[in-house]
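Any read-out appearing in this document is the output of simple, stated calculations on the displayed coordinates, not a laboratory observation. Source: prediction; values computed, not measured. When we count neighbours, we look across all protein chains shown, and the Cβ atoms used for this are built from the backbone with ideal geometry, even at glycine.
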Protein chains: 4
Amino acid sequence: MQNEPTVAYGDQVLFVNRERKTFLRRIKPGGRLQTHQGVILYDDLIGLPFGYRLQTHLGEPVWMLRPSLDDVILNLRRESQIIYPKDLGYILLKLGIQPGCRVIEAGTGCGGLTLTLAAMVGPEGMVYSYERREKMQAIAQDNLRLAGLDSRVTFFLRDVAEGFDQEDVHALFLDMHNPWEFLGQAHRALQGGGFLGALVPTINQVAVLVDALHSEQWFMVEVEELLLRQYKTSPGRIRPEDQMVAHTGYLIFARKLAGGVPLAGDRTLEEGDEGAMQD
Amino acid sequence: MQNEPTVAYGDQVLFVNRERKTFLRRIKPGGRLQTHQGVILYDDLIGLPFGYRLQTHLGEPVWMLRPSLDDVILNLRRESQIIYPKDLGYILLKLGIQPGCRVIEAGTGCGGLTLTLAAMVGPEGMVYSYERREKMQAIAQDNLRLAGLDSRVTFFLRDVAEGFDQEDVHALFLDMHNPWEFLGQAHRALQGGGFLGALVPTINQVAVLVDALHSEQWFMVEVEELLLRQYKTSPGRIRPEDQMVAHTGYLIFARKLAGGVPLAGDRTLEEGDEGAMQD
Amino acid sequence: MQNEPTVAYGDQVLFVNRERKTFLRRIKPGGRLQTHQGVILYDDLIGLPFGYRLQTHLGEPVWMLRPSLDDVILNLRRESQIIYPKDLGYILLKLGIQPGCRVIEAGTGCGGLTLTLAAMVGPEGMVYSYERREKMQAIAQDNLRLAGLDSRVTFFLRDVAEGFDQEDVHALFLDMHNPWEFLGQAHRALQGGGFLGALVPTINQVAVLVDALHSEQWFMVEVEELLLRQYKTSPGRIRPEDQMVAHTGYLIFARKLAGGVPLAGDRTLEEGDEGAMQD
Amino acid sequence: MQNEPTVAYGDQVLFVNRERKTFLRRIKPGGRLQTHQGVILYDDLIGLPFGYRLQTHLGEPVWMLRPSLDDVILNLRRESQIIYPKDLGYILLKLGIQPGCRVIEAGTGCGGLTLTLAAMVGPEGMVYSYERREKMQAIAQDNLRLAGLDSRVTFFLRDVAEGFDQEDVHALFLDMHNPWEFLGQAHRALQGGGFLGALVPTINQVAVLVDALHSEQWFMVEVEELLLRQYKTSPGRIRPEDQMVAHTGYLIFARKLAGGVPLAGDRTLEEGDEGAMQD
C-alpha cells in the first residue's frame, strides 16, 4: 500500500546522495544500490521509515525517499523526448482525468504520459496506448512495469491511421508529428464532448493543427504553453536559476462536438449529423 | 458514473453559448438554465449526449459539455484568491498525489485545491482540510458539495497553530500567509519523506520560508513558478494573447527528513533524532 | 540643452500626480496643466529644478520630471499598435544603431520607432521613414515635432513596393503586415552586411518571413521575443504584477549578404553575384 | 566613419564561419585571422564590402560583417558577469540616454554597460565609470579601446563610498552587490529628476533596495525583469530554443526627488528640503 511509511520489498525508492544525485530503484530481496560513494544492501532497509538517512559501507550519507510522480517521470528510461511534469500535471486537469477514467493516447513513446495517466485513473480506470514502433513500446512497457502500473494499461502495436479499437473514451491525447491526420479516428473514439489533447513542438505544426480543428467536429480550441522557472534556494541569495527549459511543446486542447438539434440557418453541423438528430 | 456519455440527473454540466460564455450547473429535475439568450429546461436534456448542441427557447445555440477539473476550478464560487489550474496540476505531480492518498491542506480557502485533491485521491483517499474562518469553510463546503466530492474531505474549523489531528499523511500543503510558523506541526503530521508544499505570493515570504526550511527537518527544498501563455487561435493569425497572468504565487516544495543512522562528525541531525536511532 | 537641471520654455515635461497618473506636456509661455486635482501655470515653473514637487491651485501635489524615452513612447498620440519600449531598446542594439547612423523604417505608423531611432542617431544621423497612409504619417509627424526630433527624420508618403530612395543605409526595419514582399527592396537599400529587422505579431507571419529569409541574400536569421515582467514594489510585499503584456510581436533579424569570392562547388551565391566577383 | 560600406584599417570586423562561430577582430596592417578552417590576411580585405563572403587559404568560406553593439558585448573579454543586451537596450530607454548625455556608472566591471553607454552618448557625451578593483578596470579599459570608444569614458579607480566627483548628471547606474549603501552618494550626483538604475541578481537584494528607495529622496520606484526567448529558424520547423537564459538580474529604476513647495500636512519631504524651498 503506497501510504505505508516504511520500506517494503517491491517499493520504488528514490535514493539521494550528498550532491543531490538521485537513484530510482525498486527494492528486491538480495539487491543493492551501488554508487561511487559506496554500497547499500536493500535487505537492510526493510521496515525503515522513508525520509531516513542511511550510510553506505564507506560511511557516506544517502537519503531514502518515496518518489513523486515527478521523480519517476524524470528518471524514466527514455529514447525519445518526454513530456515534462509541468505539462503532464496541466494535461491531467485540462483532460478532466480522474480515478476511473478510460483514456487513449498515441503514441506511447517511452511511456511518461502513459505512466502519469495510469497513476491517476487508478485501478478502476484504463489507459489504451497506441504505438507503431516495437522498440519504443517495449521501453514503455518496461517503464510501466518498473512503476508497478502496467496492469492499468492496454498496449497496442499499431499505426493509428487504422483507427482506435475503443469508443466513448473520456479523453484522447495525440503526441505525434502529424496529429491533424488522425482527427477523424480521434473523433470516432471519443464520447460526446470528450477531451482531445495534443502536443507539438513547432509553430508550423500548431498552424496546421489549429486549421484542422476549426471544423464542425471540434469546439473550444485552445493553444497554450507552460514555462517553468526554478529558483536557487541558498538562504540570503535566492534567485532564479541561470538557465531554464525554454520550450518543450505547444499544448493544444479541444472538445468533441457530437451533433445537435437542428437550427434554422445553421452552418456549424454536417448534413449527416443533422439527420441523425431528427429521431 | 462519470464516463457515461449521456446526461443524467445529478451530473455537473458546462453550458457554453455562442460567445463562449460558460455556465457550470448541476442538473436537477425541474431545473432550468436561464441566460440572456433564452432558457433551457434540464428535463429535456436527460439522455442526450455530451458535446451536443442545444437550442434555447429563443432559438439560440448552447453547447453542453462535461466540465474538466479546470472548468470547475475556474467557475468556483470564491471570496479569496484561488490557486490556478496551471499550478494545481503541477502540485499534484510534485506531491505524488494518487488514488488512495491521505493529504492535509491548510487553509481551505474557497476549496479549489481541496476539490482538486479530492478528485485525484479518489473514493479510497481522504483530504483533511483546515480553515479557521467559518465563512470561507462554508463556501468551500458548498463548492465541494456542488462538485459531488464532499465525501472525500474531512473539514476542520481550527487554527493550525494547534496542530493537525492526522499522522503519517502522504503530503501536506500550506496555503497561508505565514507558512514558516507551522513547519513544526507539518513535520509531525507527515510520514517520513512526506511531501510538503506551499504557495506564497511575495518574494519576502519566499525568503523567510526558504530560510526556515534549511534545517535538519527538511530536504530537497525547491522554489518554482509556472507561467501559462495562452494563444489566440484564429486560423492564419495564431499568436499569443495580448495579456497573461504574470503571477499567482511561488510554489515551494520540500521533503520531511525522519532521522537516520548515526554518522561520524555529522551535523545534520538533532540530538533527539540521533538518540532515537540507537536502538 | 537636454541636460540642464531646470525647466525652460520648450522643454518636454512629465507631470505625475499622487496616484502616479502621468501628463506629458511641452512648456509654452502662458500655458497650463489642467487636471482634476487643480491647475498649474507653466510660467511659474521656469527655472525650477526637475524632480521638484509642485502644488496645484487646489493644494494637491504634482511632481515634475524630465521624461525618459520610455515615458515619451508610452504617451504618444497613437492610432495603431506601438512597438513597446522593451522591444525598442533591444532593436537599437541588434541593429547597431549609434549616433551618426542612417536608417530606414517602413511603415512609420504613429512614429514610436521613428522617434526612438531619431533620438539615438543624434543630429548627425538621419531616419528615412516610409508610410503610405497619409493620416498615420501626419500623426507621426506631430509626435516627432512634439518631441523636438522632426529635423532628424525624412518622411516619405509612399508604398514601399516602389522601393526606397536610399542606398547603403546602415539598417532597415520593416514594421508591416507582409514584410516578406519587400525583401528585394530592402536588400537594395542596405549596405553590405547591413542590419535588417522586422516585427510581426503572428506565428503564421513568422513562418513565411523565415522561409523567405533563407536565401542567398540574407545571413544569420534570428527570431526572438522579449517578455517584460513588472513587480509591485510595496516594501515587505514585493511580487510580480498580477497581469503582464504576454505578446507584442516576434522580432526577426538578419544581415544582408553582398556577394563573395568564388568558391568551388558553392551553392550559396546566385549566378549574377559570382560574375560580379571575378574582376 | 562607421557607415562606410567597405572595410578599412581600424575597423572592427565580425568574421563568421560555416558553423556560425564568430570572431570579432580589429583590422590592422599585416594582421591575420587564424582559424581551424584556415587563414585570412587582413590586407586582402581593405576596400571589400561588408556582408562579403571570403575564402580562407584552405578554401573554407568566412563571412565578414560589421558588428552590432550586441555582437561586441557578447564578445567582450570578461572576468565577471556581464549585463546582457536584452537588459542593456532597455536600460538605455529607461534612463533616457541620448547623444550628449553625461552618465555615471559604478562599478565598471568588464565594461559592457560602459561600452553601450559610450556608444549612445556619442562624442558630445561622457560616461564616468567608477571601479575599485584595478584589474577589472584594466580589462574594461582594454575593451573600450578595442571598440574605439575609450575617449568617451572617464575612469575612476575608487570605492564609491567616497562619493562621485560629478554633479547634475543625467543618469546613474549602480551595478554593485549592495547598491542601497550608496543611495546618498547617487542622490548628490544626480540632477533633479535624474534617472537612477540598478541591477541585482537576488530577491533578497531586491527587498533591501526597494525598502531603501521608499524614502523622500526617490520617486517612481520600479522593479522589472526581461526574459529573452530565441527561436530555432529551420524553415518548416520553427520553434523556441530548448534552453534559455532564465535570469540575469532584476532591474530597478527610480527618479531623484529634488525638493518642492511646502505642502500643508505633508510628510514626503525632509525638514532640510522644506527649509530650502522658502526662499
Original post:
Size of the dipole of the protein assembly as shown about the Cα centre, Lys and Arg at +1 and Asp and Glu at -1 on the beta carbon, nothing else charged, in debye to 20?
Top reply: 0
Original post:
Residue by residue, what Karplus-based ³J(HN,Hα) values in Hz, rounded to whole numbers, does the stretch A:245-253 have, using 6.51, -1.76 and 1.60 with θ = phi - 60° and x for Gly and Pro?
Top reply: 5, 8, 6, 10, x, 8, 9, 10, 10
Original post:
Considering only Cα-Cα distances, which of the following residue pairs are longer than 25 Å: C:LYS21/D:LYS94; A:LYS256/B:LYS21; A:LYS94/C:LYS232; B:LYS86/B:LYS232; A:LYS256/B:LYS232; A:LYS86/A:LYS232?
Top reply: A:LYS94/C:LYS232
Original post:
Averaged over B:208-216, how many beta carbons belonging to a partner chain fall within 10 Å of each residue's beta carbon?
Top reply: 3
**OP:** Taking the Cα centre of the stretch B:11-150 as origin, sum charge times position over the Cβ atoms of Lys and Arg (+1) and Asp and Glu (-1), and report the length of that vector in debye to the nearest 20.
**Re:** 200
**OP:** Considering the convex hull of the alpha carbon atoms of the protein assembly as shown, report its projected area averaged over all viewing directions, in nm², one decimal.
**Re:** 50.8
Subject >> Partner chain coverage, peptide B:13-24 - average Cβ within 10 angstrom >> reply: 1
Subject >> Estimated translational D of the stretch C:1-146 in µm²/s (Stokes, Kirkwood radius over Cα pairs; 25 °C; 0.890 mPa s) >> reply: 148
Subject >> Vicinal HN-Hα couplings computed from phi for the stretch D:180-189 (Karplus, 6.51 cos²θ - 1.76 cosθ + 1.60; Hz; Gly/Pro x) >> reply: 4, 7, 10, 5, x, 4, 5, 4, 5, 7
**OP:** Calculate the dipole size of the stretch A:70-276 relative to its Cα centre from +1 charges on Lys and Arg beta carbons and -1 charges on Asp and Glu beta carbons; express the result in debye to the nearest 20.
**Re:** 940
Subject >> Interatomic Cα distance distribution for the stretch D:73-146, bins of 10 angstrom, percent >> reply: 21, 55, 24, 0
Subject >> For the axis carrying chain C to chain A: nearest C-beta residue of C, whole Å >> reply: C:ILE203, 2
Original post:
Let a ≥ b ≥ c be the square roots of the eigenvalues of the Cα gyration tensor of the stretch D:136-275; is it rounded (a/c under 1.5), or, if not, prolate (a/b larger than b/c) or oblate?
Top reply: oblate
Original post:
Distances from A:ARG188 to the same residue in each other copy, label points 7 Å out along Cα→Cβ, in nm, shortest first?
Top reply: 5.6, 6.1, 8.3
Original post:
Put +1 on the Cβ of each Lys and Arg and -1 on the Cβ of each Asp and Glu in the stretch C:70-276; which of C:LEU157, C:LEU209, C:LEU74 then has its Cα farthest toward the positive end of the dipole?
Top reply: C:LEU74
Subject >> Fluctuation leader among D:ILE40, D:ILE238, D:ILE82 - chain D, Gaussian network, Cα springs under 10 angstrom >> reply: D:ILE238
Subject >> C-alpha long axis of helix C:85-94 to longest principal axis of chain C, angle in ° >> reply: 40
Original post:
How many nanometers, to one decimal and shortest first, lie between the label point of A:GLY148 and those of its other copies, if labels sit 7 Å from Cα toward Cβ?
Top reply: 3.0, 7.1, 7.6
**OP:** From the C-alpha gyration tensor of the stretch B:44-94, pull out the three semi-axes of the equivalent ellipsoid (sqrt of 5λ each), sorted largest to smallest, in whole Å.
**Re:** 31, 14, 8
**OP:** Find out how many positive minus negative residues lie around B:TRP63, taking Lys and Arg as positive, Asp and Glu as negative, among other residues whose Cβ is under 10 Å from that of B:TRP63.
**Re:** +4
Subject >> Nm distances between copies for A:THR35, ranked from closest, using label points 7 Å along Cα→Cβ >> reply: 4.5, 5.7, 6.2
**OP:** Run through the DSSP bridge list for the stretch B:70-276 and note the antiparallel percent, rounded to the nearest 5.
**Re:** 40
Original post:
Taking every DSSP beta bridge that has both residues in the protein assembly as shown, what percent is antiparallel when rounded to the nearest 5?
Top reply: 65
Original post:
What is the Cα radius of gyration of chain A over 2.2 N^0.38 Å, N being its residue count?
Top reply: 1.20
Original post:
Which of the peptides D:228-235, B:63-70 is most tightly packed, and how do the rest follow, judged by the mean count of other Cβ atoms within 10 Å per residue?
Top reply: B:63-70, D:228-235
Subject >> Volume of the Cα convex hull of the stretch A:176-259, divided per residue and given in Å³ >> reply: 114
**OP:** Pick out which of A:GLU181, A:GLU224, A:GLU19 has the largest mean-square fluctuation in a Gaussian network model of chain A, springs linking Cα atoms closer than 10 Å.
**Re:** A:GLU19
Original post:
Dipole of the stretch D:70-276 (Lys/Arg Cβ +1, Asp/Glu Cβ -1, origin at the Cα centre): which of D:ALA254, D:GLY122, D:ILE238 lies farthest to the positive side?
Top reply: D:ILE238
Subject >> Calculated from backbone phi, Karplus (6.51, -1.76, 1.60) coupling profile of the stretch C:52-65 in Hz, x at Gly/Pro >> reply: 8, 9, 9, 10, 6, 5, 9, x, 8, x, 9, 9, 10, 10
Subject >> Peptide-level mean, for A:111-124, of C-beta atoms on other protein chains within 10 Å >> reply: 3
Original post:
Amide H neighbours of B:TYR130 under 5 Å, counting only residues 5+ apart in sequence or on other chains, H built in-plane at 1.01 Å?
Top reply: B:GLU105, B:ALA106, B:THR108, B:PHE156
Subject >> Residue-averaged [θ]222 nm for chain C, counting only DSSP H segments that reach four residues, each worth -39500 (n - 2.57) >> reply: -6500 deg cm²/dmol
**OP:** Tell me which residues come under 5 Å, amide H to amide H, from A:TYR52 once H is placed; ignore anything under 5 positions away on its chain.
**Re:** A:MET64, B:ALA258
Original post:
In terms of modelled amide H atoms, which long-range or inter-chain residues lie less than 5 Å from the amide H of A:TRP218?
Top reply: A:LEU257
Original post:
What does the charge count near C:SER151 come to, summing +1 for each Lys or Arg and -1 for each Asp or Glu among other residues with Cβ under 13 Å from its Cβ?
Top reply: 0
Subject >> Net +/- balance of residues flanking C:ASN178 in space, Cβ distance below 14 Å, scoring K and R +1, D and E -1 >> reply: -2
Subject >> Zero-based 5 Å bins, Cα pair distances in the stretch C:12-67, whole percents >> reply: 4, 21, 37, 29, 8, 1
